[in-house]
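The values are calculated or read from the model by the stated rules, or taken from the named source; none is laboratory data. These numbers were taken from a predicted model, which means no experiment stands behind them. Neighbour counts run over all protein chains shown; Cβ positions are idealised from the backbone, glycine included. The accessibility values were calculated without ligands, DNA or RNA, using every heavy atom of the protein model including side chains. Shrake-Rupley method; radii C 1.70, N 1.55, O 1.52, S 1.80 Å.
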Amino acid sequence: MDCIFCKIIAGEIPSTKVYEDEQVLAFRDIQPAAPVHILVIPKTHLIGAAAITAENSALVAHIFEVIPKIAAAEGITDYRVVTNQGAEAGQTVHHLHFHILPGRTLKGMC
Ligand code: AMP
């Protein structure tokens, strides 16, 4: 599959990994919009938030359990979690991902 995040999961493209378990990978954004900018992705390919269903939402719940652990490890307590669904909303990688971003000033994020 021609998905850059699937290639990162497979180790075919390098990433700066900050967390990994059997369901989830988190790594630093290659173009950070803040001093800490981490992407959290499911290892299962889902195109975006629009693909979340009752059948796979436990995976999303797991991601939201992992996010506070990643934030704590980064030493941040105040942050936002952003997902862009669809190109018109700024989604450029069509594999579900959640941005962890501290701070108020974000370049074009929201
Ligand atoms: P979005 O615009 O919400 O789809 O976010 C996609 C994010 O993936 C952007 O912030 C990109 O900077 C980031 N990104 C794209 N390719 C890579 C990569 N190889 N490693 C890390 N982050 C990436």
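A 1.4 Å probe over all protein chains sorts I76, I38 by accessible area into I76, I38, starting with the largest.
Might you report the magnitude of the Cβ-based charge dipole of the chain about its Cα centre, with Lys and Arg at +1 and Asp and Glu at -1, to the nearest 20 debye? Roughly 320 debye, rounded to the nearest 20. Placing dummy labels 7 Å off each Cα toward the beta-carbon, the span from T53 to I13 is 2.6 nm.
Shown here for the range 17-93: GluC sites (Glu not before Pro) in loop regions (DSSP other than H, G, I, E, B) with at most 12 other Cβ atoms within 10 Å, namely E22, E55.
Summed over the residues of the chain and divided among them, the accessible surface reaches 57 Å² per residue at a probe radius of 1.4 Å.
Across the chain, the mean sequence separation of Cα contacts (distance under 8 Å, 6 or more residues apart), normalised by length, yields a relative contact order of 30 percent. Relative to the current alpha-carbon distance between C3 and V81, full extension at 0.36 nm per residue lengthens the span by 25.9 nm.
Considering only V66, A89, V36, the residue lying farthest towards the positive end of the dipole of the chain is V36, judged by Cα position with unit charges set on Cβ. Tell me the carbon and sulfur percent of the accessible area for the chain, rounded to whole percent, probe radius 1.4 Å. Solvent-exposed carbon and sulfur of the chain make up 54 percent of the total. Helical content alone sets the calculated 222 nm signal of the chain at -7000 deg cm²/dmol, taking -39,500 (n - 2.57) per DSSP H segment of four or more residues and averaging over every residue.
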